[in-house]
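Chemist: Could you have a look at this structure, given as structure tokens, before my questions?
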Amino acid sequence: MTDVPKYSSTDPAAPSTDRDASVSWESTATAGRPPVRSETDGGLFSRRYVAATASFSAVMFLTGFAALAVVPTLPTAARDLDGVSLFPLVAGCFVAAGLLGGVLGGHWADRSGARRPLAAGMVLAVVTLLVSAASTSIWQLAAGRFLDGLASGMVAVSINTAIGQAYPDRLRPRVLALMSACWVVPSLVGPPLAGVVAEWWSWRAVFFGLAALTVLPALAVVAVLRGRSWPAAPAPSGDRSPRPALMVAAAVSVGAAVGQYGVSGWDPRHLLFVVGGFALLVVFAPRLLPPGTWRAARGLPATVLLRGISSGVFFTLEALVPLLLVTERGVRPVSIGLAFTGAAVAWAASSWVQGRLERRPRHHLVVAGALVLTAAVAVAAVGTLPELPAVIAASAMVVAAVGMGLLAPSLTVLSLSHAPAGRQGYASSAMQTNQNLGQITVLGVSSALFNACLSAGATGHVGYGAAFVLLLAPCVLAALFATRTRSA
């Protein structure tokens, strides 16, 4: 979910309106020159911006639909490919590659403008769907998800960069709000529709169908992008080469992927992968984060840490609860899709509520969100009991989404308030980076415990229950550290 500033027509903090254009019009006329409309005049769908607006909206709709339709299908695919133990690798590869894709797309856009990485990301997204659809092993599916994460990271960063290059200041909040709205319909339609297709036909049909639906609009978007020019802003004097940051991001992505594979088994070979992945993360990940993040220093470091912790818990629930429902309860894919839709609606509603609590200190909402997330984890743990209906475990996803709807936007607001002057971009990048790291780390540790239980001869229900109980620890830490995020 994207946190986007929203403005009303009566909000004094809203961007300038057409009143500014009329002032420009009058000033040019009184200067004795023919009236010429300002470059910043016109709305998102005016002649000047309609091509860019339509292109960006199509990109966000397509990527949102593909992402939300694919996720509920993955547990079924992992089961059919006899790769349940490697499912954390399939889920984690997407996040690990997204970190690298974001850095790669950002550097590319800074050097040559956003058009090329955005077009490349769209083409790669179609290719990844075909790779995943044709999977004959869990490894091929993991490779497809890695490429998909790379494409998604490039597209997300390129979209934000292109908006900054294509629109004036007063239109950027509006187009960002439109980009967020483009995910509403996919969140309502994508998961249940994918569940129906997977149940009545095949999970492969979901990937092939998405590729077929995406290829023509993607080519059309690429064609439109070729006719646009969003040049990169000149680098400031003395600017450092981006290569070290790209190498650090690549090392972190490799470390995360290697670690995810390592936790899939308990033998010397897997242990070596765990140690190697952990070493890469320990050495390189701190270079992408504010100093003091991992010791919860007050201000931005603690805020960044909590973003990683909370996102890790939510991502792990989204990965393991559907897997539990498919492998242990035999729940139909369409029902799992409905659970994802319910979670998306709950997140949106909770986020709307927190936006109306303007007088409430943000760190109080962080505490509230962390407590709700704790309740969701408890519900998931109880839902592993075979005697109870499967809907209890499924409802944990909805409850967790309520907590994240309160917590995530509040952390975003706090991060911007803690950001050094003129460095909001740095704060946003740190939040995104640690969100990915948190998802990978929490899922990896939970999966290690799950596989350890299975290796010891425990039933799947016991393994899932142990993994969910483990998630209580980061939830409690988030609630305790929330006061360290408070704004002065």
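Chemist: When the residues of region 359-368 are filtered to those that are crowded, with 18+ Cβ neighbours inside 10 Å and either among the hydrophobic types (A, V, I, L, M, F, W, C) or without any contact (Cβ under 8 Å) to a residue 60 or more places away in the chain (or both), which remaining residue is farthest from residue 317 (Cα to Cα)?
Modeler: 365
Chemist: Is it fair to say residue 439 is buried (at least 23 other Cβ atoms within 10 Å of the Cβ) and assigned to a helix (DSSP H, G or I)?
Modeler: yes
Chemist: Please determine whether any residue of region 138-158 is in a helix (DSSP H, G or I), within 16 Å of the chain's Cα centre (by Cα) and β-branched (Val, Ile, Thr).
Modeler: Among the residues of region 138-158, at least one is in a helix (DSSP H, G or I), within 16 Å of the chain's Cα centre (by Cα) and β-branched (Val, Ile, Thr), which makes the answer yes.
Chemist: List pairs: first residue in region 397-417 and without any contact (Cβ under 8 Å) to a residue 24 or more places away in the chain, second residue of a type in the set (Phe, Trp, Tyr) and surrounded by fewer than 24 Cβ atoms within 10 Å (Cβ to Cβ) anywhere in the structure, Cβ distance under 7 angstrom, at least six positions apart or on different chains.
Modeler: none
Chemist: Go through (1) under 30 Å from residue 251 (Cβ atoms); (2) assigned to a helix (DSSP H, G or I) for residue 57 and report which single condition fails.
Modeler: The single condition residue 57 does not satisfy is (1).
Chemist: Mind telling me which of the residues 325, 300, 373, 306 ends up being under 26 Å from residue 78 (Cα atoms), buried (at least 23 other Cβ atoms within 10 Å of the Cβ) and hydrophobic (A, V, I, L, M, F, W, C)?
Modeler: Of the residues listed, the single one that is under 26 Å from residue 78 (Cα atoms), buried (at least 23 other Cβ atoms within 10 Å of the Cβ) and hydrophobic (A, V, I, L, M, F, W, C) is 325.
Chemist: Of everything in region 264-294, what is within 24 Å of residue 84 (Cβ to Cβ), buried (at least 18 other Cβ atoms within 10 Å of the Cβ) and within 23 Å of the chain's Cα centre (by Cα)? Give them in sequence order.
Modeler: Of everything in region 264-294, just one residue is within 24 Å of residue 84 (Cβ to Cβ), buried (at least 18 other Cβ atoms within 10 Å of the Cβ) and within 23 Å of the chain's Cα centre (by Cα), namely 277.
Chemist: Go through (1) closer than 22 Å to residue 470 by Cα; (2) assigned by TED's automatic domain parsing to the domain that holds residue 254 one by one and return the number of the condition residue 314 breaks.
Modeler: All conditions are met except number (2).
Chemist: Condition first: at pLDDT below 90 and of a type in the set (Phe, Trp, Tyr). Now tell me which residues in region 307-335 satisfy that.
Modeler: 315
Chemist: Determine whether residue 391 is at pLDDT 90 or above, buried (at least 19 other Cβ atoms within 10 Å of the Cβ) and assigned to a helix (DSSP H, G or I).
Modeler: No, not satisfied.
Chemist: Can you find a residue in region 348-358 that is aromatic (Phe, Trp, Tyr), over 16 Å from residue 485 (Cβ atoms) and buried (at least 24 other Cβ atoms within 10 Å of the Cβ)?
Modeler: There is no residue in region 348-358 that is aromatic (Phe, Trp, Tyr), over 16 Å from residue 485 (Cβ atoms) and buried (at least 24 other Cβ atoms within 10 Å of the Cβ).
Chemist: Please state which one of 64, 113, 92 is of a type outside the set (A, V, I, L, M, F, W, C), in contact (Cβ under 8 Å) with a residue 12 or more places away in the chain and surrounded by 23 or more Cβ atoms within 10 Å (Cβ to Cβ).
Modeler: 92
The values are calculated or read from the model by the stated rules, or taken from the named source; none is laboratory data. Here the structure is a predicted model, which means the values were calculated and not measured. Here Cβ is always computed from backbone atoms with ideal geometry, including for glycine, and neighbour counts include all displayed protein chains.
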